[in-house]
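Student: One structure, as structure tokens, below. Some questions next.
What follows is calculated from the coordinates using simple rules that are stated; it is not laboratory data. All figures in this text were calculated on a predicted structure; none of them were measured in a lab. Glycine gets a Cβ as well: all are built from the backbone with ideal geometry, and neighbour counts include every protein chain shown.
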Amino acid sequence: MTEPSPSLPELIDMQIRTTGPMSIATYMGLCLTHPSKGYYKGPDPLGAKGDFITAPEISQMFGELIGFFFVNIWQQMGSPKEFTLLELGPGRGTLMADILRVACRAEGFRDGLDLRLFETNPALIAEQNARLEPYGPKWVDSFEKVGPGPLLVVANEFLDALPIRQFVRGKEGWHERMVGLSEGKRQFGLNPTPIPIASMPERVANAAENAVFEVGLANGEVMSRLARTVSAQGGAILVIDYGYAQTQTGETLQAVRDHKYSDVLAEPGAADLSVHVDFEALGSVAAKAGLAIQPLATQGDWLVRMGINERARALSGANPQLAGDIAAARDRLVTPEQMGELFKVFCAASPGLAPPGFTS
Ligand SMILES: C[S@@+](CC[C@H](N)C(=O)[O-])C[C@H]1O[C@@H](n2cnc3c(N)ncnc32)[C@H](O)[C@@H]1O
């Protein structure tokens with residue numbers, strides 16, 4: 001008889017017992033993308049029956065306005081006959097379906113389109129395929145595997161799922177926060193060896209004792225690789241996510257299950273883990289690769305500048321019975337007390353392009 005394979009919590013605890021406490025980045029990586037037991041390898045996590053809901057699942061207006069954004073950029077580039085549109089973490093394919101329904105109305109857009117998707121979840125890949133099959137999508141396992149034409153990239157709520165490391169300010173320096181075991185229970189602890197204050201970014205180096213600083217090495221790496229390709233081939237990167245405009249201290253690692261916050265250490269693989277994105281750090285990586293960074297916009301401001309109010313009116317005019325739902329969806333995406341302010345819109349693009357929605 002074969003032994004049942006250990007659960008993800010058992011695997012994590014075994015690894016800690018064998019090799020000692022693990023960094024939060026290792027813990028997050030195992031929880032989210034362990035090859036067979038990670039959160040993002042399981043069933044579709046989105047929607048009312050899942051753990052959370054995202055902007056494209058709230059309203060088609062979100063993706064449609066992003067579709068206008070990409071048509072505008074593509075036209076500014078001279079309507080190239082061959083180009084790649086790449087989405088990172090496309091969820092159910094809803095955002096891309098809404099983008100393409102709008103964008104493919106522009107003459108020549110669909111003919112030149114090479115659609116690429118970067119996704120880890122087999123259940124979601126099946127849903128993406130069902131929605132996007134008419135556009136001939138290809139799934140990539142590396143961002144460099146794109147054609148030689150311009151590259152347009154979109155990522156909504158993707159970078160927040162990439163692992164971070166946490167450091168806590170002590171008397172003599174910063175200590176990495178680790179996940180260990182105490183009396184058999186998963187607990188946070190600190191690596192006793194301090195990292196010198198001078199090796200931290202200037203903005204946080206002199207923070208008060210016990211301040212927490214999060215470093216998103218993985219999202220910096222993703223941005224750096226994408227930005228190098230965009231810099232060489234032309235194009236733009238549009239990122240929408242929750243996060244902050246300037247590198248700062250503060251603990252943002254959170255677990256969400258069934259639309260409620262839960263304990264980060266309690267349910268490895270069963271709860272979604274995410275962090276707020278440091279947009280200043282992302283911008284400096286993209287600028288280093290030669291891209292021009294737009295002033296960071298709040299999601300609310302950006303959607304209003306892109307015409308969400310006009311789109312909501314047009315949709316309500318055509319579907320008066322849905323006017324209440326359309327107004328509620330608009331409010332949810334735009335108002336500061338809902339998603340409008342916490343979520344930001346970041347754009348890095350080839351110098352010379354004027355990405356729409358970033359200045360009033
Ligand atoms: C929070 S969901 C957002 C889905 C979609 N963008 C939306 O707005 O509805 C995160 C997406 O990123 C994917 N994902 C998370 N981590 C990933 C990784 N390391 N590699 C590839 N895809 C990943 C998930 O499977 C999912 O499609």
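Student: Counting GluC sites (Glu not before Pro) as exposed when in a DSSP loop with at most 15 other beta carbons within 10 Å, what is the longest stretch of the chain free of them? Walk me through the numbers on the way to the answer.
Tutor: Details: sites that count: Glu82, Glu107, Glu144, Glu172, Glu183, Glu209, Glu251, Glu341.
Looking at the chain, 252-340 is the longest stretch - no exposed GluC sites (Glu not before Pro) with at most 15 other Cβ atoms within 10 Å.
Student: Whole angstrom only: what separates the Cα centroid of the range 259-325 from the Cα centroid of the range 132-197?
Tutor: Spelled out, the Cα-based centre of one part sits 19 Å from the other.
Student: What residues qualify as long-range amide H neighbours of Leu190, i.e. H under 5 Å apart, gap of 5 or more or another chain, H built at 1.01 Å from N?
Tutor: For Leu190, the qualifying residues are Met178.
Student: To continue, here is another question. Can you bin the range 135-218 into rounded, prolate or oblate? Criterion: square roots of the alpha carbon gyration tensor eigenvalues sorted a ≥ b ≥ c, rounded for a/c under 1.5, prolate for a/b above b/c, oblate for the rest.
Tutor: The shape class here is prolate.
Student: Ok, one more. Taking a 26 Å limit on the Cα-Cα distance, which of the listed pairs Lys185/Lys344; Lys81/Lys344; Lys81/Lys145; Lys37/Lys260 fall beyond it?
Tutor: Working: Lys185/Lys344 37 Å; Lys81/Lys344 31 Å; Lys81/Lys145 19 Å; Lys37/Lys260 21 Å.
As for pairs spanning more than 26 Å Cα to Cα, those are Lys185/Lys344; Lys81/Lys344.
Student: So for the chain, averaging the separation of alpha carbon pairs under 8 Å that are six or more residues apart and normalising by length, what relative contact order in percent results? Intermediate results must be reported in sequence, preceding the final value.
Tutor: Details: 702 pairs, mean separation 67.8, N = 360.
Normalised by residue count, the contact order of the chain is 19 percent.
Student: With the cut-off at 1.5 for a/c, could you classify the range 235-353 from its C-alpha gyration tensor as rounded, prolate or oblate?
Tutor: oblate
Student: Using a Förster radius of 30 Å, what is the FRET efficiency between Ala205 and Ser142 based on their Cβ-Cβ separation? Nearest 0.05, please.
Tutor: Values: r = 35 Å, r/R0 = 1.16.
The calculated FRET efficiency here is 0.30.
Student: Residue by residue through the range 261-275, what is 3J(HN,Hα) from phi via Karplus (6.51 cos²θ - 1.76 cosθ + 1.60, θ = phi - 60°)? Round to whole Hz and write x for glycine and proline.
Tutor: 5, 9, 6, 4, 9, 7, 9, x, x, 9, 10, 6, 10, 8, 9
Student: While we're looking at this one, here's another question. Quick check on the range 169-263: take the gyration tensor over C-alpha atoms, sort the square-rooted eigenvalues as a ≥ b ≥ c, and tell me if it's rounded (a/c under 1.5), prolate or oblate.
Tutor: Oblate is the answer for the range 169-263, as a/c is 1.5 or above yet b/c matches or exceeds a/b.
Student: Kindly write out, for the range 108-113 in residue order, the coupling ³J(HN,Hα) from the Karplus curve 6.51 cos²θ - 1.76 cosθ + 1.60 (θ = phi - 60°), rounded to whole Hz, with x marking Gly and Pro.
Tutor: In residue order, the calculated couplings are x, 5, 5, 4, x, 6 Hz.
Student: Further, regarding this structure: Any idea what the relative contact order of the range 130-271 is, in percent, if you count C-alpha pairs under 8 Å spaced at least 6 apart?
Tutor: Details: 176 pairs, mean separation 40.1, N = 142.
Result for the range 130-271 is 28 percent.
Student: Here's another thing I want to ask about it. Once you put a point 7 Å from the Cα of Arg305 and another 7 Å from the Cα of Ser79, both along the Cβ direction, what distance in nm separates them?
Tutor: 2.6 nm
Student: Once the Cβ-Cβ distance between Ile53 and Met14 is put in as r, and R0 is 45 Å, what FRET efficiency do you end up with, to the nearest 0.05? Kindly include the intermediate steps, with their values, before the conclusion.
Tutor: Details: r = 35 Å, r/R0 = 0.77.
It comes out at approximately 0.85.
Student: Something else about it: Hey, can you grab everything whose amide H is under 5 Å from the amide H of Leu238? Only 5+ residues off in sequence or another chain; H modelled, so Pro and N-termini drop out.
Tutor: Val153, Val154, Ala155
Student: Can you name the helices of the chain, as whole DSSP H runs, whose Cα span along the helix axis is 20 Å or more and whose Kyte-Doolittle mean is not below 0.0?
Tutor: Numbers: long enough: 60-76 (24 Å, 0.64); 217-233 (24 Å, 0.06).
Passing helices, by number: 60-76, 217-233.
Student: Starting at the first residue of the range 149-161, write each ³J(HN,Hα) from the Karplus equation 6.51 cos²θ - 1.76 cosθ + 1.60 with θ = phi - 60°, in whole Hz, x for Gly and Pro.
Tutor: For the range 149-161, the Karplus curve yields x, x, 10, 10, 10, 10, 9, 10, 6, 10, 5, 5, 8 Hz.
Student: Rounding to the nearest 20 debye, state how big the charge dipole of the range 102-260 is about its Cα centre with +1 on each Lys and Arg Cβ and -1 on each Asp and Glu Cβ.
Tutor: Numbers: 17 positive and 20 negative charges, 25 e Å.
Using Cβ point charges on Lys, Arg, Asp and Glu, the range 102-260 gives about 120 debye.
Student: Within the range 1-72, report the trypsin sites (Lys or Arg not before Pro) that DSSP leaves as loop and that have at most 10 other Cβ atoms within 10 Å. Could you put the intermediate results ahead of the total?
Tutor: Numbers: sites: Arg17, Lys37, Lys41, Lys49; in loops: Lys37, Lys49.
Counting only loop positions with at most 10 other Cβ atoms within 10 Å, the trypsin sites (Lys or Arg not before Pro) in the range 1-72 are Lys49.
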